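Trainee: The structure's right below; bear with me while I get my questions together.
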Amino acid sequence: MQCASRIVLLACAVLLSCGVASAAPDGVFADKPFAEAKAQAVDENRLLVVKGTAVWCGPCRRMDRETWPNPELAAFIREHAIAVAVDVDQERELARELGIRAMPTIIVFREGEDFARVTGYQTPAQMLAFLEAAKRGEAIGEEELRDLAQRAREDVHARLDLAREQVHQGKLDEAAENYAWLWDNMVERAQWSGVRISFMAGDMRRLADEHAPAKRRFTQIRDREEEKLRAGEASIDDLDDWIVLNQVVGDDQRSLDWFDRVNDDEHGRETIQRVSHRVDGLLRRHGRWVDLGRMFDNPTLRVQRDLQSHLRMFNELRANAELDGFMEEVEALGVVNDLLGRDLSTIYKSLLAADRVDDAIAVRELLALRVPDPWLREYIIADALESGIVHPDMLEMTEGVDPELIERLNEALGRHPA
């Protein structure tokens, strides 16, 4: 998207008036690209330490506060390694190439080869022991794996770590069974409903893509949920699980078929609204903009709520930045506004696709008052064009917008300069 590079540099007035608070730099991590750091580590016969992280990752921030600044650990890294951080949201393709499936993930390269990795929060002592072992040429072995398996009998977090380590070591059948157990028991044992249907579901989806037996195992869980739905014995949470599991096993079409079937009657639409967040994601993934545009009951209220929720998110990230020295305030603002741009653009372009032009105009006029800077207008226009959605009302958003983007819009509308 042409306007993507502008988002981090937008004026703070988008959400509130503020200054940029500088955060303390993380001294052990080099500010250089992964490929450059990897080449340097090979040339200098040093370890390469890669930290897979994200701004929303609580354990990552805790390690930034408690683990990496440890003098003994920092001294070891400076003497024996080059360390770099990979933000999985900013460098998605690299994160996929590195197989980063959860945050934090710490990967150690020896002689340019992926040698060992660990996931989850690590104390300074644990991280130092891990790196010292890697320097000696020792990755996590069967004894450590048995210890992790022992702890996993009582500790849900340890079982999640075990499943991820088993994936890394190629023990995919064992990993699939642990993920299946976690799916059935995680909420009851640890009240981790959010982790279960988001980060862990993502792990399961990647494993199902790579390993057919895992896909069959997770399909069994999906089918069990579907039987409950068909028998009328399911709750809204069960329906939500079923939609997530369809995505895990690559069968979104089953969810779309359900949506198309129940969307024609009032009771069905009420059910859809009760899982609207999940359905929103489903329709977005498949470009069902007309259906999504028809779902918005009160678009302007939805926009106001989105603005408020993203402001809260920004304030939380800003507070964490000040407490943890994790990131610059302008970076927090950029992350939040990237999400905000996507959400607001989806609302506007979906309303146009659904021929709800009056509602789209009301949304546009509200945004002009609340977010006057041109970055959001550029985001919305570019996003709509990329989705194949074009409407004359989009011309009302072109003030201050990149002329090349205006030219693209005019071409899409069949308008030619005089």
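Trainee: Does Arg217 meet the test of being in a helix (DSSP H, G or I), buried (at least 19 other Cβ atoms within 10 Å of the Cβ) and modelled with pLDDT under 95?
Mentor: Values: in a helix (DSSP H, G or I): yes; buried (at least 19 other Cβ atoms within 10 Å of the Cβ): yes; modelled with pLDDT under 95: no.
Considered against the rule, which asks whether it is in a helix (DSSP H, G or I), buried (at least 19 other Cβ atoms within 10 Å of the Cβ) and modelled with pLDDT under 95, Arg217 comes out as no.
Trainee: Taking the criterion of being crowded, with 19+ Cβ neighbours inside 10 Å, aromatic (Phe, Trp, Tyr) and outside any helix (DSSP H, G or I), would at least one residue in the stretch 173-186 satisfy it?
Mentor: From the stretch 173-186, those crowded, with 19+ Cβ neighbours inside 10 Å are 175-176, 178-179, 182-183, 186; that's our starting set.
In the following step, the residues that additionally are aromatic (Phe, Trp, Tyr) were identified as 179, 183.
With the extra rule that they be outside any helix (DSSP H, G or I), the set shrinks to none.
No: zero hits.
Trainee: Does the stretch 46-66 hold any residues that are at pLDDT 95 or above and more than 22 Å from the chain's Cα centre (by Cα), and which are they?
Mentor: Arg46, Leu47, Leu48, Val49
Trainee: Right, something else. Would you please name the residue that is surrounded by the most Cβ atoms within 10 Å (Cβ to Cβ), looking only at residues in the stretch 256-275 that are among the charged types (D, E, K, R) and not in a helix (DSSP H, G or I)?
Mentor: Kept after step one, since they are among the charged types (D, E, K, R), are these residues of the stretch 256-275: 257, 260-261, 264-266, 269-270, 274.
Of the ones still in play, those that are also not in a helix (DSSP H, G or I) are 264-265.
Working: Asp264: 8, Asp265: 10.
The selected residue is Asp265.
Trainee: Which of the residues belonging to the stretch 95-143 are in contact (Cβ under 8 Å) with a residue 24 or more places away in the chain and among the small types (Gly, Ala, Ser)?
Mentor: The answer is Ala95, Gly99, Ala102, Gly112, Ala116, Gly120, Ala134, Gly137, Ala139.
Trainee: Then there's this: So, Gly250, is that one within 26 Å of Ile361 (Cβ to Cβ), in contact (Cβ under 8 Å) with a residue 24 or more places away in the chain and under 24 Å from the mean Cα position of the chain (by Cα) or not?
Mentor: no
Trainee: Restricting attention to the stretch 253-263, does a residue exist that is more than 19 Å from Asp355 (Cβ to Cβ), touching a Gly at 6+ places or on another chain (Cβ under 6 Å) and of a type outside the set (Asp, Glu)?
Mentor: For the stretch 253-263, residues more than 19 Å from Asp355 (Cβ to Cβ), touching a Gly at 6+ places or on another chain (Cβ under 6 Å) and of a type outside the set (Asp, Glu): present.
Trainee: With (1) surrounded by fewer than 16 Cβ atoms within 10 Å (Cβ to Cβ); (2) under 28 Å from the mean Cα position of the chain (by Cα) as the list, and Glu144 as the residue in question, which single condition is left unmet?
Mentor: Result: Glu144 fails condition (2) only.
The values are calculated or read from the model by the stated rules, or taken from the named source; none is laboratory data. Only a predicted model underlies this, so the values are computations on that prediction, with no experimental measurement involved. Cβ sites come from the backbone with ideal geometry, for glycine too, and all protein chains shown count toward neighbours.
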